[in-house]
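The values are calculated or read from the model by the stated rules, or taken from the named source; none is laboratory data. Fair warning: this is a prediction, and the values are worked out from it, not measured in the lab. Using ideal geometry, Cβ is built from the backbone for each residue, glycine included, and neighbour counts are taken over all protein chains shown.
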Amino acid sequence: MHDYKKAISQLLVLLFLVFCHSDGQAKTNRKTPTAKNGVLDLSKWSFKKDGPVRLYGEWRFFWEDFLPADQPLQDSAPGPYNYLTIPSYWNGYEINGNAISGLGYGTFSLTVLLPHGTKKFAFKIKEIKTAYRLYVNGELVTRDGTVGTDRQSSVPFYRPHVAEFQTDQTQIEILIHVSNFHHRLGGIWEEIIMGDEPGIRNLREERLIQEIFLMGCILIMGLYHLGLFLNRKKDTSALYFGFFCLIIAVRTLTLGERYFISLFSVNSWEVLHTIEFLTFYTAVMAFATFLYTLYPKEFNKVLLRILQAISILFSIITIVTPAIVYTQLLGVYQSISVLAGIYFTYVLVRAVINKKEGGWIILLGFIVLFVMSVNEILHTNQVIHTGYFVPIGLFVFIFSQAFMIALRFSKSFLTVEHQAWELIKTNDAFRNEIRERKKLEQNLVESHENFERSRVGIILGLAKLAEYRDEDTGTHLERMREYSRILAEELSTLDEYKNYITAEYIADLFQSAILHDIGKVGIPDSILLKPGKLTPNEFKIMQQHSLIGGDAILNIESRINIKSFLTLGKEIAYSHHEKWDGSGYPKGLKGNGIPLSARIIALADVYDALTSERPYKKAFSHEKSKNIILEGKGKHFDPSIVDAFLIREDDFKTVRSQFLDTIPVIPLVNSL
């Protein structure tokens, strides 16, 4: 809470400086003279002591008439005179009972009584819409644009500047020819300041320095927030606030002293005026988007889209139409922006109520900005005569943003420091625990490895017990594992199997391949070891080894109640003698009805039998064995598995050469 109070106090100081800011009048306790009936009496005024004077008051006004500057006023216009209060627009002023429009031309005249002693004077002129010539005692002092009596003969221009003149007289006649055919508002609507030449020069330089300083601060903050966004792109509020600052920085150069003209050598009134309007429309849209990204729950998204659409529409109209058209809509958008500002205030109040971080700071900063924006609208419409303070209001708002960011970073650093301290303590405790866990983990790994080796050894031993009663030559099981792995790896590259044959599947198949003939332990020796040909009844008994092996593994699997390599072992034991065309045993399964694991083992088992020596035959060559397997393609074997075998046949040769028979062959019957 102390941080918020500190922020509020600093914002109030800045706000005080805003209202103490002078836009031209020197600080003095004297009342500023005001023109009455076309005469301004400055005979008692000291420009060095009291400062420059705004030429406020009643000026003589001559509608649709350019009075000659080289003739005395009483000769060219003997009276009676119309008087118009300056600064103001001439729109709506009644001439002979008729209200005039903003388009037209006329002459303004003011008699000024000067103090003794001062000879070198200057005018500080901001803006006279939209072209003018200024004379003092019949001599042309300055001009902007080309004054004309219609749109074709007049050329508009903006050029805030200082115009010097000298005189020894104590009374001067200021005559200004003004024409406007390009803007909805005409006349001298910005104050003209008069003083001694050094005072006016200093005033102009002060204003330029202030505006450039504000523009620089706003520009730096805009670039800073864009940099924040580039480093943390999730925070889009920084992006939109950065754009908002850049827009206002450009707008600052187009208002007040209009330094934009000198900085970019812009000589087009239309271009400058278009930029001024576009920055107004886009700034409101950018700020609304920024506020929405900051507080999305408090800001109605539909209202945001409506405001964005309106801003884009007004921007398009400004680009494609001349100033005389799009300036007619300025009042409408100003009203919309005031309503938007009220809604923004409501959103920020809700953020404060909902205790959102930085809500108070942003609310106070925005109130200053909103007041300055309303001031600019009222000043532009001649309701009040103050000046353009939106850049200052934005500076205060940006300060509130910077303070909030600093506060957020400060809290983050404190949190990090606290967490670092807690982390150090936690790490010390964890180090000891990690040491103990590593010991336990190492013991667990060793136990698991020992268990796995024991498990595999037991399984392999059981499988070999069955094989030793049959025709195993010692390395048959090792070759079966390798053959099945090779075939499974090749099949996994096919679209049909790439999601089915995983690394886990191949590992399980490698383990379970050796269980294919484990059921032979249940076949009587009289049949299993019979040297001659089996009778039909004996062959039926021999076929039972598939069921015996499958049932045994099924019984084990049901007891442990988990999925393991035994699932494939069960499939293989049951179905490795099934044939693709349905002529196999024990169930006469056909095609894809045979488990994939059993179809793989079927080919591997036959290949190993063909290439191995048996009591009843010599070992066949690889080529002869391959031809026999090709003859069984689509009959005995799955065609896809035969194709995989053909692709990897060199690997089969390698396995065969690595695992040669080492155990003497026991004479047995042909099991094929």
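Remarks
- Considering the range 197-301, the qualifying helices (runs of 4 or more DSSP H), each wholly inside and each with 3 or more residues that are in contact with a Ser or Thr (Cβ under 8 Å, 6 or more places away or on another chain), run over 197-231, 236-254, 269-294.
- Set side by side, the residues LEU378, LEU363, LEU394, LEU329 differ, and just one is in the same structural domain as TYR224 (by TED's automatic domain parsing) and more than 23 Å from LEU272 (Cα to Cα), which is LEU363.
- Checking each residue in the range 488-531 for being among the β-branched types (Val, Ile, Thr) and either at pLDDT 90 or above or assigned to a helix (DSSP H, G or I) (or both) picks out THR493, ILE501, THR502, ILE506, ILE514, ILE518, VAL521, ILE527.
- Residue list for the range 183-217, filter: in contact (Cβ under 8 Å) with a residue 40 or more places away in the chain and charged (D, E, K, R): ARG184, GLU190, GLU191, ASP196, GLU197, ARG201, ARG204, ARG207, GLU211
- For the range 237-254, the criterion of a residue being free of Cβ contacts under 8 Å to residues at least 24 places away in the same chain and among the basic types (Lys, Arg) is satisfied by no position.
- Condition met for PHE299 (modelled with pLDDT of 90 or more, farther than 30 Å from TYR89 by Cα, in contact with a helix residue (DSSP H, G or I) (Cβ under 8 Å, 6 or more places away or on another chain) and hydrophobic (A, V, I, L, M, F, W, C)): yes
- Counted residues, the range 179-231 - those being acidic (Asp, Glu) and under 19 Å from PHE108 (Cβ atoms): 2
- Matching option when the condition is in a loop (DSSP other than H, G, I, E, B), at pLDDT 90 or above and assigned by TED's automatic domain parsing to the domain that holds GLU197, among ASP70, ASP65: ASP65
- Taking the criterion of being in a loop (DSSP other than H, G, I, E, B) and among the small types (Gly, Ala, Ser), the residues of the range 570-599 that qualify are GLY582, SER583, GLY584, GLY588.
The rows are residues; the columns are (1) surrounded by fewer than 16 Cβ atoms within 10 Å (Cβ to Cβ); (2) touching a Lys or Arg at 6+ places or on another chain (Cβ under 8 Å); (3) not in a strand (DSSP E or B).
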| residue | (1), (2), (3) |
| --- | --- |
| ASP75 | yes, no, yes |
| PRO78 | yes, no, yes |
| GLY92 | yes, no, yes |
| GLY102 | no, yes, yes |
| LEU110 | no, yes, no |
| HIS116 | yes, no, yes |
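- The one condition from (1) surrounded by 14 or more Cβ atoms within 10 Å (Cβ to Cβ); (2) over 25 Å from TYR500 (Cα atoms) that LYS617 does not meet is (1).
Yes/no per residue for (1) out of contact with any helix residue (DSSP H, G or I) (no Cβ under 6 Å at 6 or more places or on another chain); (2) surrounded by fewer than 21 Cβ atoms within 10 Å (Cβ to Cβ):
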site: LYS233; (1), (2): yes, yes
site: THR236; (1), (2): no, yes
site: GLY242; (1), (2): no, no
site: THR289; (1), (2): no, no
site: ARG305; (1), (2): yes, yes
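- Neighbours by Cβ (under 6 Å, 6+ apart or cross-chain): first from the range 42-57, touching a residue at least 12 places away in the same chain (Cβ under 8 Å); second among the basic types (Lys, Arg): ASP50/ARG30
- Inclusion of LEU534 among residues that are in the same structural domain as ALA598 (by TED's automatic domain parsing), surrounded by 15 or more Cβ atoms within 10 Å (Cβ to Cβ) and part of a helix (DSSP H, G or I) is not warranted.
- GLY97 buried (at least 16 other Cβ atoms within 10 Å of the Cβ) and small (Gly, Ala, Ser): no
- Residue match in the range 300-311 (condition: in the same structural domain as GLY222 (by TED's automatic domain parsing), farther than 30 Å from LEU55 by Cα and over 28 Å from the mean Cα position of the chain (by Cα)): no
- Filtering the range 138-187 to residues that are among the aliphatic types (A, V, I, L, M), part of a loop (DSSP other than H, G, I, E, B) and within 29 Å of LEU114 (Cβ to Cβ) leaves only VAL147.
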